[in-house]
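Quick note: the coordinates plus some simple rules give every number you see, no bench work behind them. What you are looking at is a predicted structure, and each value in this text was computed from that prediction instead of being measured. Please note: Cβ atoms are built from the backbone with ideal geometry, for glycine as well, and neighbour counts cover all protein chains shown.
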Amino acid sequence: MKKTIFAAALVLGFGALAHAADGKYQVGLGLFDSIPTSDFGDYFKSSLGFNVSGDYKISDMFSAGVEIGDALGYKWKEDTNNKYMILTYGVRGKIVKSMDFGSKKGDVYGIVGISNYSLTTSPDVGGETKIGYSFGAGAQMEIAPQWLVGLEVRYHLLKVHEVDLNTIAPALTVGYSF
């Protein structure tokens, strides 16, 4: 039931973006490499992944939004036939500082999020969903009117059965502001 309610909220949130004006909205896509740290890094290799986001600019300094991310599979260091997959969906907030990058406009920002982390294994031996947190920083630069590219680094904090599944995820991002 929680997943259905959350999915409906995401659909409605992205649907509201269709009524955007004045550069208050931004949609984005990111490609990341999620690198396990702590206990998680002792047993698993890194995973490529992607995320999709939508943000609303509350003021010149703050924005809030929703995001969905998918780590496509952390392979065991000792057994490459098994993978651990993590799908995230949640909300995030940014503290933004506009600045110039030479002749281009852009932003630097701090970011914090809270998400549901849906954990599954391949081959499938069951799964579960846990609440986790993330924080990080990034920068984005306008490359054409309304189009942005950027770099972001986030640290994800997640605990499952007393084991830390923490990761650090550097990402390349592309966004469209409207």
Check: Pairs Lys45/Lys94; Lys94/Lys159; Lys77/Lys159; Lys24/Lys105: which exceed 27 Å Cα-Cα?
Finding: Lys45/Lys94
Check: Using alpha carbons only, how many degrees (0 to 90, rounded to 10) separate the axis of helix 2-16 from the longest principal axis of the chain?
Finding: 20 degrees
Margin query: Based only on other Cβ atoms within 10 Å, what is the fewest-to-most ordering of Met99, Met141?
Written below: Met99, Met141
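Translational diffusion coefficient, Stokes-Einstein: compute it for the stretch 92-178 using the Kirkwood radius over C-alpha pairs as Rh, at 25 °C and 0.890 mPa s, and state it as an integer in µm² s⁻¹.
Numbers: Rh = 14.9 Å.
Reported coefficient: 165 µm²/s.
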Next item on the list: Consider just the alpha-carbon atoms of the stretch 87-142 and return their Rg together with their Dmax, both in angstrom.
Entry: 16.7, 53
Check: In whole angstrom, how long is each semi-axis of the equivalent ellipsoid of the chain, when you take the square root of 5 times every eigenvalue of its Cα gyration tensor and sort them from largest down?
Finding: 30, 19, 13
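In percent, what relative contact order does the chain have, based on Cα pairs under 8 Å that are 6 or more apart in sequence?
21 percent.
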Note to self: Using Cβ contacts closer than 10 Å as the measure, can you line up Leu172, Leu165 from fewest to most?
What the structure shows: Leu172, Leu165
Item checked: Residue order, fewest to most surrounding Cβ atoms within 10 angstrom, among Asp100, Asp39, Asp55 -> Asp100, Asp39, Asp55
Note to self: Explain nothing, just compute: Karplus ³J(HN,Hα) = 6.51 cos²θ - 1.76 cosθ + 1.60, θ = phi - 60°, for every residue of the stretch 157-166 in order, whole Hz, x for Gly and Pro.
What the structure shows: 10, 8, 10, 10, 6, 6, 10, 7, 10, 6
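Grab the beta carbon distance between Met61 and His161, set R0 = 35 Å, and tell me the FRET efficiency rounded to 0.05.
Numbers: r = 39 Å, r/R0 = 1.12.
For Met61 and His161, the calculated efficiency is 0.35.
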Notebook entry, point to check: Relative to the Cα centre, what is the charge dipole magnitude of the stretch 83-178, using +1 at the beta carbon of each Lys and Arg, -1 at the beta carbon of each Asp and Glu, and rounding to the nearest 20 debye?
Noted result: 200 debye
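Would you work out if the stretch 45-92 is rounded, prolate or oblate? Take a ≥ b ≥ c from the square roots of the eigenvalues of the alpha-carbon gyration tensor; rounded if a/c is under 1.5, else prolate when a/b is larger than b/c, oblate otherwise.
On the way: a/c = 5.03, a/b = 3.84, b/c = 1.31.
Prolate, since a/c reaches 1.5 and a/b exceeds b/c.
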Margin query: Give the residue list of GluC sites (Glu not before Pro) in the stretch 76-173 that are DSSP loop and have at most 12 other beta-carbon atoms within 10 angstrom.
Written below: Glu78, Glu162
Check: Looking at Thr120, Gly150, Val96, which one has the Cα that reaches farthest to the positive end of the dipole of the stretch 88-160 (charges on Cβ: Lys, Arg +1; Asp, Glu -1)?
Finding: Val96
